[in-house]
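**Student:** Just passing along the structure, written as structure tokens.
None of the figures in this text is laboratory data; all of them are computed from the coordinates on show. Predicted model only: the values in this text are computed from it and were never measured. No Cβ is skipped: glycine too gets one built from the backbone with ideal geometry, and neighbour counts run over all protein chains shown.
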Amino acid sequence: MAEVSRRDIRASAVSKTILEQSSMDLTNLRIGKQRIVSKKKKMSKLKKTILEDREFREGDSKESESAPSRLNADAPAFMPAEWLRTGTEEDRAALETQLVPAMRAPLPAGPVAALAGGPAGPAPSPDCDPTEDPSDGSEEIEPLSISEKSQKPKEAVAKPADLEVRHYVHQELSDDLDEKVKFVLSELVRFQDRAKEQNPMKYAKLKRYCVGLREARRAITRSKCKGLIVAPNLETSSAEGGLDDTVEDVIELAREHEVPVVFALSRNRIGKAMGKNIRLSIVALHSVDGVHQQFKEIVKTAEELRRRWVLRQMAHATSEFAEQVQKRTEEKAARDAARREEKERLAEEKAAEELRRREASKEAKAARAEAKARKVAEQKEQAERRREEKEALAKEREDSFAFAWRHVLHLSCA
């Protein structure tokens, strides 16, 4: 029983409050092969860039909020086009007679972008109509019931126009497409959880999807990605090598590998569709078995929405939009050129370092060869000197022996 209870203990069963309140160092403790306290993940370069850009933008927003506003609360929402036209004095007098009654009752302030066709600004209050004049008190305001008040904010939130659509979205958004993508994601999550429960050993090989920019890029490069779901409201990060550049590179890589890219839902809604309480920006689909027909419908709908977006952009293209696109293209080309120059510079430095290393190795090899030759020459000199010493010693012995022999002969003759 003790062994069974010990096996039943898992690291996930340890209470988080106990770990926080404990004064012991639990970083190296394990239950089996699993750590009780997981290691802190190292922050990636992209995450650091996003956080730095976010801090920079928060600082700018605080400075702009602290600056006093010079506009009146009743200022008009935009400059009428008639004020900017040039004409004769009669035309100006006629315009003045037309504009004086309108100027007596100034228009309420409103978002410029919403009137110019740009990104949608903050939604107006559901209790008032912005087209009505607040100074007109002839009509009585009808009180709203509790049910109407609770329903109207929900309807405002459900509007797709409230979603901030980024520049990389080359497709129109649709509620029908959102519902289809939501269904496919929920089904893939269910299939993957079921595969994990049935066979945990083969779970890694039977993954239906992966999340994150790095995993999506890896899946596309390895030709394992069947489709890409991207949220259209990613965070703005215009820094070099930041989130905007990374997302654009991933989308271009997907189109090079002929992987369909679908822009649907939002970061919050993608996370909820996958049963997670976090924001998810991008999902790469590894397998669509079981929802193949629904996925084909999603791709077909996305292609139709993309075609409509292209036609709308062609119809509403202006010189200002073309200049912005050209400016963004030039900036991207300049960033790409700077990256290429940096890569070339690093390659040149690496080649120069490799050449210096080779030259240093050659010099060291030549020095070793020279030292070896010098040592061999010294050994030869020592051997020659020893041979000469031996010859001199042998000659000296012969001379002494001859001298002794002659002395003996001389004594014998005497």
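**Student:** Consider all pairwise Cα distances in the stretch 256-414 and report the whole-number % of them above 25 Å. It would help to have the intermediate numbers written out before the result.
**Tutor:** On the way: 9363 of 12561 pairs.
Percentage above 25 Å: 75.
**Student:** Highest mean first, what order results for 227-233, 242-248, 278-284, 384-390 on Cβ atoms within 10 Å?
**Tutor:** On the way: 227-233: 22.4, 242-248: 18.7, 278-284: 20.6, 384-390: 10.0.
Taking the mean over residues of other Cβ atoms within 10 Å, the ranking is 227-233, 278-284, 242-248, 384-390.
**Student:** Same structure again: List every residue whose amide H lies under 5 Å from the amide H of residue 227, counting only residues 5 or more places away in sequence or on a different chain, with H placed 1.01 Å from N in the peptide plane.
**Tutor:** 285
**Student:** Run a plain Debye calculation on the stretch 328-414 (Cα atoms as equal point scatterers, no solvent) and give log10 I(q)/I(0) at q = 0.27 Å⁻¹, rounded to two decimals, same order as the q list.
**Tutor:** One equal scatterer on each Cα of the stretch 328-414 leads to -1.14.
**Student:** Rank-order 287-298, 346-357, 260-271 by packing density, defined as the average count of other C-beta atoms within 10 Å over each peptide's residues, highest first.
**Tutor:** Ranked by mean Cβ neighbours within 10 Å, highest first: 260-271, 287-298, 346-357.
**Student:** Oh, and also: Between residue 329 and residue 256, what is the FRET efficiency for a Förster distance of 25 Å, r being their Cβ-Cβ separation, to the nearest 0.05?
**Tutor:** 0.85
**Student:** Also: If you stretched the chain out fully between residue 340 and residue 189, how much longer would it get, using 0.36 nm times the residue separation minus the C-alpha to C-alpha distance?
**Tutor:** 50.3 nm
**Student:** Net charge around residue 404, counting only other residues with Cβ within less than 14 Å of its Cβ (Lys, Arg = +1; Asp, Glu = -1)?
**Tutor:** Value of the local net charge: -1.
**Student:** Hey, another quick one. Got a sec? How would 395, 226 order by Cβ neighbour count within 10 Å, fewest to most? Can you show the working numbers first?
**Tutor:** Details: 395 10, 226 19.
Ascending number of Cβ neighbours within 10 Å: 395, 226.
**Student:** To continue, here is another question. Where Lys and Arg each count +1 and Asp and Glu each count -1, what net charge lies around residue 369 among other residues with Cβ under 11 Å from its Cβ?
**Tutor:** Once positives and negatives cancel, what remains is +4.
**Student:** Something else about it: When the convex hull of the C-alpha atoms of the stretch 175-316 is computed, what volume per residue in Å³ does it have? Before the final figure, lay out the partial values.
**Tutor:** Values: hull volume 17.6 nm³, N = 142.
It is 124 Å³ per residue.
**Student:** Full extension from residue 371 to residue 409: what is 0.36 nm times the residue separation minus their Cα-Cα distance, to one decimal in nm?
**Tutor:** Details: separation 38, 0.36 × 38 = 13.68 nm, distance 5.68 nm.
Stretched out fully, the residue 371 to residue 409 stretch lengthens by 8.0 nm.
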